[in-house]
Amino acid sequence: MATNHQISTRIKAATGVDIAMCYQCGKCTAGCVLAGDMDYPSSMIMRMLQTNDEENYRKIISSEAIWLCQNCENCIGRCPKEVDIPKVMDYLRADSVKNKCVSPKAKPILSFYQSFLGAVKTSGRLSEVFMTIGFKLRTLRLWQDINLVPSMLAKGKLKFIPESIKGKRNLKNIFKSTNNK
Amino acid sequence: MKLGFYPGCSLNGTAREYNESVKALAPVFGIELIDIDDWNCCGASAAHAVNRDLSLALPARTLALAEKQGFDEIVVPCAACFNRLAVAQYELNKDEMLKKSVEKSIDMTFNNDIKILNVVQFIDKYIKDKILEKISHKFEHQVACYYGCLLVRPNKIIDFDRVEDPTSLDELMQLIGATPIDWGFKTECCGASLSIARTDLVAKLSGNIVKDAADRGAEAIIVACPMCHSNLDMRRPQIDEYVGEKISTPVIYITQAIGLAVGIAPEKLGLQRHFVKVNTL
């Protein structure tokens, strides 16, 4: 929200998606498996973005809905105008973090993503064990899923030593150069 | 026949039975799968949600490495990895400036024209024709083929199967003797990476999928994605609680089903590693 451009112009510039293409048929919301759990379903988000109203925009980037969206791509699959809603959702999430207005209800979801990327940043590959520990520390949900540990161990599914790639310097540069752009 | 192989992180961890079954199946058909040396995580569901540039650079590094190692084709069994790699390839081919900036990030230049195959494309291309002659144990069961989201969508980029009612998995299962059922949840989302942060929502979404499959008489649910698998299998206690009944329908990978049909031992396919017991197949 740092520029003076209109919301639809900013979205178009960053994602190539033209919000104005949406004519509110509602197919995205009808097919969204999580619409019923969202504070604003996808077609309503599109409409609120179309208003180019900063107050509406603030509501959207502070919503829980943008974090519940898993980019299953069903909406774009069914959209008669092929509006790339998942791509817009990615943009909104990043902007929500940048503007520090992530919905408190969505914090655990963001914590999961941060724990995931934190683990990848360390070794280049995701250690599920370290990601889970990171998530527990971030959310203080220390006991969650602890009952799964014995059976996961028995099935040989837990790896305690993370795999590491050789190109660590390369990886460090990837994280550094793509940060906060 | 040698092909590049991108296991991805899940297949090296909690979804190791998927890796085991792909690796057990390939040599039966004379195919050698060679890991891309020094591959890295694709960023999966996390990177694109918070940082677009990172979500393109992570898969790009692996694509560039694969190219440098001389592979023309790579097999990517995880549907989520497959999706991220395919999307990165598409986005970078569309935008020269973006590609240049990503090349700078990964400190490599590349043509970005490697062929990326998901597990079904791999089987269709290299295995399907030879399956009939190798079958020793027909897989005579009713099955629900579950494609999930990322195997077929976004259709414009992935260009694979039908987006609303895909049939590629059904055809493969039919070929090995199974009876695929008609059902309503072939491509509905399982809840994906909400598994840890919002287990309640995964129980609901995955619960609807498992219940429909079981109600319509499926003896197994066939999948091609480790994320779908863990949600439908490992989250079964939460699913059972949500649907209010105990459903014992197992969830198995397409490579495990074909593996059984061509006579590979169940342990070699990792069937003992599932949470929902596979003792009826």
Quiz item: Which pairs in the list B:100/B:128; A:172/B:68; A:59/B:104; B:115/B:204; A:27/B:104 are over 30 Å apart, alpha-carbon to alpha-carbon?
Solution: B:100/B:128; A:59/B:104; B:115/B:204; A:27/B:104
Quiz item: HN-Hα J couplings of the stretch B:12-18 from phi, Karplus 6.51/-1.76/1.60, θ = phi - 60°, integer Hz, Gly and Pro as x?
Solution: 8, x, 5, 9, 4, 5, 5
Exercise. Have a look at B:185, B:13, B:243 and report the one farthest towards the positive end of the charge dipole of chain B, computed about the Cα centre with Cβ charges (Lys/Arg +1, Asp/Glu -1).
Key: B:13
Practice problem: Would you be so kind as to list the residues of the stretch B:24-43 that have their accessible area lowered by at least 30 Å² in the full protein complex compared with their chain by itself (1.4 Å probe)? | Solution: B:38, B:39, B:41
Quiz prompt | Phi to ³J(HN,Hα) by Karplus 6.51 cos²θ - 1.76 cosθ + 1.60 over the stretch A:99-104, Hz, x for Gly, Pro | solution = 8, 6, 10, 5, 4, x
Quiz item: B plus A alone minus the pair: what accessible area, both sides summed, probe 1.4 Å, in Å² to 100?
Solution: 5100
Self-check item: In Hz, Karplus ³J(HN,Hα) per residue of the stretch B:128-142 (6.51, -1.76, 1.60; θ = phi - 60°; x = Gly, Pro)
Solution: 3, 4, 9, 4, 4, 6, 9, 5, 10, 10, 4, 8, 8, 9, 7
Quiz item: Any idea which of B:93, B:48, B:27 is furthest toward the positive side of the dipole for the stretch B:1-99, if Lys and Arg beta-carbons carry +1 and Asp and Glu beta-carbons -1?
Solution: B:48
Quiz item: Carbon-plus-sulfur fraction of the accessible area of the protein assembly as shown, 1.4 Å probe, in percent?
Solution: 52
Exercise. Give the long-range amide H neighbours of residue B:145: residues separated by 5 or more places, or on another chain, with amide H under 5 Å away, using H modelled in the peptide plane at 1.01 Å from N.
Key: B:181, B:222
Quiz item: By the gyration tensor of its Cα atoms, with a ≥ b ≥ c the square roots of the eigenvalues, what is the shape of the stretch A:105-177: rounded for a/c under 1.5, prolate for a/b over b/c, or oblate?
Solution: oblate
Self-check item: Long-range amide H partners of residue B:253 with built H, under 5 Å
Solution: B:223
Practice problem: Taking H placed 1.01 Å from N in the peptide plane, check which residues at least 5 places from residue B:115 or on another chain put their amide H under 5 Å from its amide H. | Solution: B:73, B:74
Quiz item: So what is the relative contact order of chain A, in percent, for Cα pairs below 8 Å that sit 6 or more residues apart?
Solution: 18
Quiz item: Where a ≥ b ≥ c are the square roots of the eigenvalues of the C-alpha gyration tensor, would you call chain B rounded, which needs a/c under 1.5, or, failing that, prolate if a/b is larger than b/c, or oblate?
Solution: oblate
Quiz prompt | 15 Å Cα-Cα reach of residue A:176 towards aspartates and glutamates, excluding residues that sit fewer than 8 places from it in its own chain | solution = B:53, B:103, B:107
Quiz item: Cα gyration tensor of the stretch B:136-273, axes a ≥ b ≥ c as square roots of the eigenvalues: rounded (a/c below 1.5), prolate (a/b > b/c) or oblate?
Solution: oblate
Quiz item: Could you give the angle, 0 to 90 degrees to the nearest 10, between helix B:96-106's Cα long axis and the longest principal axis of the Cα atoms of chain B?
Solution: 80
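The values are calculated or read from the model by the stated rules, or taken from the named source; none is laboratory data. The model shown is predicted, which means the values in this text are computed figures rather than measured ones. Positions of Cβ are generated from backbone atoms using ideal geometry, with glycine treated the same way; all protein chains shown enter the neighbour counts. What goes into the accessible areas is simple: the full protein's heavy atoms, side chains included, and nothing from ligands, DNA or RNA. Shrake-Rupley method; radii C 1.70, N 1.55, O 1.52, S 1.80 Å.
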